[in-house]
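In what follows, a single structure is set out as structure tokens and then discussed.
Laboratory data are not the source of any read-out in this text; all were calculated from the coordinates shown. Owing to the predicted nature of the structure, the values given are computational and were not obtained by experimental measurement. Here the Cβ is made from the backbone with ideal geometry for all residues, glycine too, and neighbour counts use every protein chain on show.
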Amino acid sequence: MRVTIVGPGSVGLLWAVRLAQAGAEVTILDHRPERAAQLNQTGIFLEDAEGETHLNLAVSADPDQALAGAELALVCVKAYHTAEAARTLAAHLPGPARALTLQNGAGNVEVLVAALGAERVLGGITSEGATLLAPGRARHAGRGQTHLGRAEGPPDAFVLALAELFNRAGFATSPAQGAQNLIWTKLVINVGINALTAILGVPNGRLLDLPAARELMAAAVAEVLAVAGPLRVQFLHADMPAQVEQVAARTAANISSMLQDVRAHRRTEVEFINGAVCRRGAEMDVATPVNRTLTSLVLALEQGYNGS
Ligand code: PAF
């Protein structure tokens, strides 16, 4: 399968290397031309417990070049770049090709569907741990589970073939019914973990050791579950509060993506995670004071980056 990875972040690089090793033809699209040129020269590095893999993959900032012949575009950009990625795909992704988002946060599937149509969009979630160490260099920090489905409807032959390719590439992947159920499942986990770890500056597992943090985690999760209630989401797990704690325990040593962003003084995805819960809550008259406070605290951290 010809796959174009959109965005050379931690998840993008992890998938690029593993898919190439599994026999896929992989190209990376990077919207920053200088970095694309640099990665084209240096190649891509992936570290894991067994050592380091170094592959020379084609990296381009030219969408026509990077998406030529693609059968799948794997969207791995930050949520605040999804609209730009969707515009690029609408203009350059070949007719029958599909786009799959594995991003954190709410709203990515909707943005891609608006640009490409529901038939061409897949949504998925992953708990594979990935850390960006430097441009073109990532660490596979821990193994997880991946689920993927169509924006609407049951898995079709393409979803099944993709799940098979991902499994061959070493990602434990299951096809699923309905991307929204997946996205909301991941959203609840991110709501419970990401902002709190970013604010407190702690690895995921530490939230379970600090009683006040654990209480806030439960309160933030209760709010997102209240918002999801009327939407009839079918979560992947029967007991979501327990699942959030299990993920924090399983990824205890991980630095969450939001804490990685804060440490690197990058914009975070808080407005697409806790902030999205507040926006949906406001539409439905569900109070979300804990998520509002967590969102404001993370935004305040971002506003402090330049020392002001
Ligand atoms: O965003 C993240 O860091 C991850 O989605 C998760 C599951 C919280 C683990 O760190």
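If I model a spin label at N306 and R168 as a point 7 Å from the Cα along the Cα→Cβ vector, what separation in nanometres do I get? Between N306 and R168, the simple spin-label model gives 4.9 nm.
For the chain, averaging the sequence separation of C-alpha pairs within contact (under 8 Å, six or more residues apart) and dividing by the residue count gives a relative contact order of 15 percent. Placing +1 on each Lys and Arg Cβ and -1 on each Asp and Glu Cβ, with no other charges, gives the chain a dipole about its Cα centre of roughly 180 debye.
In terms of other Cβ atoms within 10 Å, W15, W184 run from fewest to most in the order W184, W15. Fewest-first ordering of F158, F166, F171 by other beta carbons within 10 Å of each residue's beta carbon gives F158, F171, F166.
Pairwise inverse Cα distances across the stretch 99-139, averaged and inverted, put the Kirkwood hydrodynamic radius at 11.8 Å.
Counting GluC sites (Glu not before Pro) as exposed when in a DSSP loop with at most 15 other beta carbons within 10 Å, what is the longest stretch of the chain free of them? The segment 153-308 is the longest one with no such site. Among the complete DSSP H segments of the chain, which ones combine at least 27 Å of alpha-carbon extent along their axis with a mean Kyte-Doolittle hydropathy of 0.5 or more? Passing helices, by number: 179-200. Here the sum of -39500 (n - 2.57) over DSSP H runs of 4 or more residues, divided by the residues of the chain, equals -14500 deg cm²/dmol at 222 nm, to the nearest 500.
Which whole-percent values make up P(r) of the chain when all C-alpha to C-alpha distances are grouped in 10 Å steps starting at zero? Percent of Cα pairs in each bin: 6, 28, 37, 23, 6, 0. Counting only DSSP beta bridges with both residues in the stretch 2-177, the antiparallel share comes to about 35 percent. Here is the list for the stretch 218-308: trypsin sites (Lys or Arg not before Pro) lying in DSSP coil, each with at most 11 other C-beta atoms within 10 angstrom of its C-beta, are R232. For the stretch 11-25 versus the stretch 27-105, the inter-centroid distance based on Cα atoms is 11 Å.
How big is the antiparallel share of DSSP beta bridges in the chain, given as a percent to the nearest 5? Before the final figure, lay out the partial values.
Numbers: 15 of 41 bridges.
In the chain, approximately 35 percent of DSSP beta bridges are antiparallel ones.
Using the Cβ of A151 as centre and a radius below 14 Å, the other residues enclosed give a net charge of -1, where K and R count +1 and D and E count -1. Extension gain, A253 to D209, is 14.6 nm, computed as 0.36 nm per intervening residue step minus the present C-alpha separation.
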